[in-house]
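One structure is given below, encoded as structure tokens.
The values are calculated or read from the model by the stated rules, or taken from the named source; none is laboratory data. From a predicted model like this one, the values you see are computed outputs, not experimental measurements. Methodologically, a virtual Cβ is constructed for each residue, glycine included, from the backbone with ideal geometry; neighbour enumeration extends over all protein chains shown.
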Amino acid sequence: MNPQCPSWKSGGHCFFGEACPRSASERFLESRQGGFHAPYAAKEERTVMAKLLLGKPVIDSLREELKGRIAALEERGVKPGLAIVRVGARPDDLTYERTALKRAAGLGIRARTITLPENASQEELMDVIAWVNSDPSIHGCLMFRPLPEQFDEEAVCDALDSAKDVDGIGRGSMAAVFTGRGPGYAPCTAAACIEMLDAYDIPIAGKRVVVVGRSLVVGKPVSVLLLDRHATVTTCHSRTGDLPAIVRKGDVVILATGRAKAYGRDFFHPGQTVLDVGINVDEAGNLCGDADFDAIEPIVDAITPVPRGIGGVTTSMLMKHVVEAAEKTC
């Protein structure tokens with residue numbers, strides 16, 4: 001029972017029952033959302049369904065934090081700048097671009113988009129990267145991938161100055177993540193997973209974390225970030241034997257394979273926290289994660305929904321990295 005309910009008594013019983021002056025929707029949301037780490041909201045007791053780890057409270061808190069840091073930078077004559085480099089016009093790139101531009105504008109980050117046609121040459125793109133590296137008003141760069149097949153994508157990623165590589169695409173940033181030394185940033189989705197756990201006060205140190213997926217975008221870097229926070233990490237992949245048994249051993253499970261609803265109730269047990277990084281489209285054309293949400297929500301303690309989970313926090317982490325990069329120039 002919510003201790004702020006006017007009908008709450010010391011014995012923990014509401015004398016009004018269903019006639020409680022709080023609305024039914026308020027009671028429902030309290031039971032579904034569970035506790036947030038301050039300052040997101042007061043903790044609530046979990047009832048039957050899993051606690052929903054929603055991205056919005058984390059995004060809102062990051063917005064307030066970053067506005068203060070940006071104001072401090074502007075007092076010192078520095079306005080954070082983001083360059084978005086796009087080759088071609090893939091629909092998913094355009095969607096994320098619009099989201100990033102809107103988020104940047106809301107924070108007061110100067111963002112600009114540099115576009116090249118899909119048939120652009122390697123030399124043309126390398127010239128753009130060189131310009132980004134040399135422009136002191138640009139503190140971070142987001143480049144959409146995959147690039148069209150005519151490009152040497154690895155060479156382009158490595159050409160970006162690690163100090164401006166705010167989405168962790170180059171070797172320099174990867175080296176910084178894996179060694180803890182040198183300039184560079186973790187990929188934003190991997191960083192968003194850590195931010196989400198911290199925001200909801202979910203312990204990392206000493207916990208068993210199972211990461212399903214080994215990409216350089218999420219699986220590998222988030223495993224290292226978790227190790228840095230003293231978790232015991234198991235990284236799984238498509239050739240892992242008896243995957244359900246291994247996933248069931250995790251206190252925290254991070255799903256990052258891009259397989260729609262591939263992980264059902266056989267993989268989970270009560271007490272687990274699930275971060276679903278997958279963004280897929282199911283057979284009905286609806287967005288969904290890697291988890292079979294309807295099947296496992298009644299089982300686990302907490303889970304990020306798709307949509308409304310990790311995705312929006314990823315964009316906020318991009319902005320946070322841009323601000324950090326601007327601060328390092330002062």
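When you go through 243, 275 one by one, which is the residue that is at pLDDT 95 or above and within 12 Å of residue 291 (Cβ to Cβ)?
Numbers: 243 fails: within 12 Å of residue 291 (Cβ to Cβ).
Every option except 275 fails the conditions.
Do you know which of the residues in segment 87-114 that are of a type in the set (Lys, Arg) and surrounded by fewer than 18 Cβ atoms within 10 Å (Cβ to Cβ) is farthest from residue 319 (Cα to Cα)? Give the derivation first.
Quick first cut of segment 87-114, residues of a type in the set (Lys, Arg) only: 90, 98, 102-103, 110, 112.
In the following step, the residues that additionally are surrounded by fewer than 18 Cβ atoms within 10 Å (Cβ to Cβ) were identified as 90, 98, 102, 110, 112.
On the way: 90: 22, 98: 14, 102: 11, 110: 11, 112: 13 Å.
Filtering segment 87-114 for residues that are of a type in the set (Lys, Arg) and surrounded by fewer than 18 Cβ atoms within 10 Å (Cβ to Cβ), the one farthest from residue 319 (Cα to Cα) comes out as 90.
Has segment 313-327 got at least one residue that is closer than 19 Å to residue 55 by Cβ, at pLDDT 95 or above, in contact with a Lys or Arg (Cβ under 8 Å, 6 or more places away or on another chain) and surrounded by fewer than 17 Cβ atoms within 10 Å (Cβ to Cβ)?
No, segment 313-327 has no match at all.
Among the numbered conditions (1) within 20 Å of residue 305 (Cβ to Cβ); (2) in a loop (DSSP other than H, G, I, E, B); (3) of a type in the set (A, V, I, L, M), tell me where residue 192 comes up short.
(2)
I'd like the full set of residues that are among the small types (Gly, Ala, Ser) and either buried (at least 19 other Cβ atoms within 10 Å of the Cβ) or not in a loop (DSSP other than H, G, I, E, B) (or both), limited to segment 280-289. Outline the logic, then answer.
Step one: list which residues in segment 280-289 are among the small types (Gly, Ala, Ser), which gives 284-285, 289.
Across segment 280-289, the qualifying residue is only 289.
Please enumerate the residues belonging to segment 290-312 that are part of a loop (DSSP other than H, G, I, E, B), surrounded by fewer than 18 Cβ atoms within 10 Å (Cβ to Cβ) and either in contact with a Cys (Cβ under 7 Å, 6 or more places away or on another chain) or without any contact (Cβ under 8 Å) to a residue 40 or more places away in the chain (or both).
The answer is 307, and nothing else.
Could you tell me which numbered condition residue 61 fails, if it satisfies all but one of (1) under 25 Å from residue 324 (Cα atoms); (2) surrounded by fewer than 13 Cβ atoms within 10 Å (Cβ to Cβ); (3) touching a residue at least 24 places away in the same chain (Cβ under 8 Å); (4) within 24 Å of the chain's Cα centre (by Cα)?
Going through the list (1) under 25 Å from residue 324 (Cα atoms); (2) surrounded by fewer than 13 Cβ atoms within 10 Å (Cβ to Cβ); (3) touching a residue at least 24 places away in the same chain (Cβ under 8 Å); (4) within 24 Å of the chain's Cα centre (by Cα), residue 61 breaks only (2).
Collect the residues in segment 246-272 that are of a type outside the set (Gly, Ala, Ser), at positive phi and either modelled with pLDDT under 95 or exposed (fewer than 15 other Cβ atoms within 10 Å of the Cβ) (or both), keeping them in residue-number order.
First, pick out the residues of segment 246-272 that are of a type outside the set (Gly, Ala, Ser): 246-249, 251-255, 257, 259, 261, 263, 265-270, 272.
So of that shortlist, the ones also at positive phi come out as 261.
Matches in segment 246-272: none.
List pairs: first in segment 77-103 and within 20 Å of residue 119 (Cα to Cα), second among the small types (Gly, Ala, Ser) and modelled with pLDDT of 95 or more, Cβ under 6 Å, 6+ apart or cross-chain?
Pairs found: 87/120.
Only one of 116, 142 is over 29 Å from residue 66 (Cβ atoms) and touching a helix residue (DSSP H, G or I) at 6+ places or on another chain (Cβ under 7 Å). Can you tell me which? Don't jump to the end; show me each part of the working.
Numbers: 142 fails: over 29 Å from residue 66 (Cβ atoms).
Answer to the check: 116.
Select from segment 206-264 the residues that are under 18 Å from residue 177 (Cα atoms), part of a loop (DSSP other than H, G, I, E, B), of a type in the set (A, V, I, L, M) and touching a strand residue (DSSP E or B) at 6+ places or on another chain (Cβ under 9 Å) and list them in ascending order.
Selection gives 218, 231.
Any residue at all in segment 143-154 that is under 26 Å from residue 56 (Cβ atoms) and either among the small types (Gly, Ala, Ser) or under 25 Å from the mean Cα position of the chain (by Cα) (or both)? Before you say what the answer is, go through the steps one by one.
First, the residues of segment 143-154 that are under 26 Å from residue 56 (Cβ atoms): 144.
Subsequent filtering for residues that are either among the small types (Gly, Ala, Ser) or under 25 Å from the mean Cα position of the chain (by Cα) (or both) retains 144.
Yes, segment 143-154 contains a residue that is under 26 Å from residue 56 (Cβ atoms) and either among the small types (Gly, Ala, Ser) or under 25 Å from the mean Cα position of the chain (by Cα) (or both).
Check residue 183 against each of (1) surrounded by fewer than 19 Cβ atoms within 10 Å (Cβ to Cβ); (2) part of a helix (DSSP H, G or I) and name the one condition it does not meet.
(2)
Provide a single number: the residues in segment 135-178 that are without any contact (Cβ under 8 Å) to a residue 60 or more places away in the chain, part of a loop (DSSP other than H, G, I, E, B) and crowded, with 21+ Cβ neighbours inside 10 Å. Reasoning before the result, please.
Our first condition is that a residue be without any contact (Cβ under 8 Å) to a residue 60 or more places away in the chain; within segment 135-178, this holds for 135, 137-138, 141, 143, 145-146, 149-150, 152-162, 165, 168-178.
Those left that are additionally part of a loop (DSSP other than H, G, I, E, B): 135, 137-138, 145-146, 149-150, 152, 160-161, 165, 168-170.
Among the residues that remain, those that are also crowded, with 21+ Cβ neighbours inside 10 Å are: 138, 160, 165, 168-170.
Residues flagged as without any contact (Cβ under 8 Å) to a residue 60 or more places away in the chain, part of a loop (DSSP other than H, G, I, E, B) and crowded, with 21+ Cβ neighbours inside 10 Å within segment 135-178 amount to 6.
Would you check if there is a residue in segment 104-120 being under 17 Å from the mean Cα position of the chain (by Cα) and touching a residue at least 24 places away in the same chain (Cβ under 8 Å)?
Here is the first cut: in segment 104-120, the residues under 17 Å from the mean Cα position of the chain (by Cα) are 104.
Those left that are additionally touching a residue at least 24 places away in the same chain (Cβ under 8 Å): 104.
For segment 104-120, residues under 17 Å from the mean Cα position of the chain (by Cα) and touching a residue at least 24 places away in the same chain (Cβ under 8 Å): present.
Of the residues 85, 48, 58, which is at pLDDT 50 or above, in a loop (DSSP other than H, G, I, E, B) and either of a type in the set (Val, Ile, Thr) or under 30 Å from residue 145 (Cα atoms) (or both)?
Values: 85 fails: in a loop (DSSP other than H, G, I, E, B); 58 fails: in a loop (DSSP other than H, G, I, E, B).
From the options 85, 48, 58, the qualifying one is 48.
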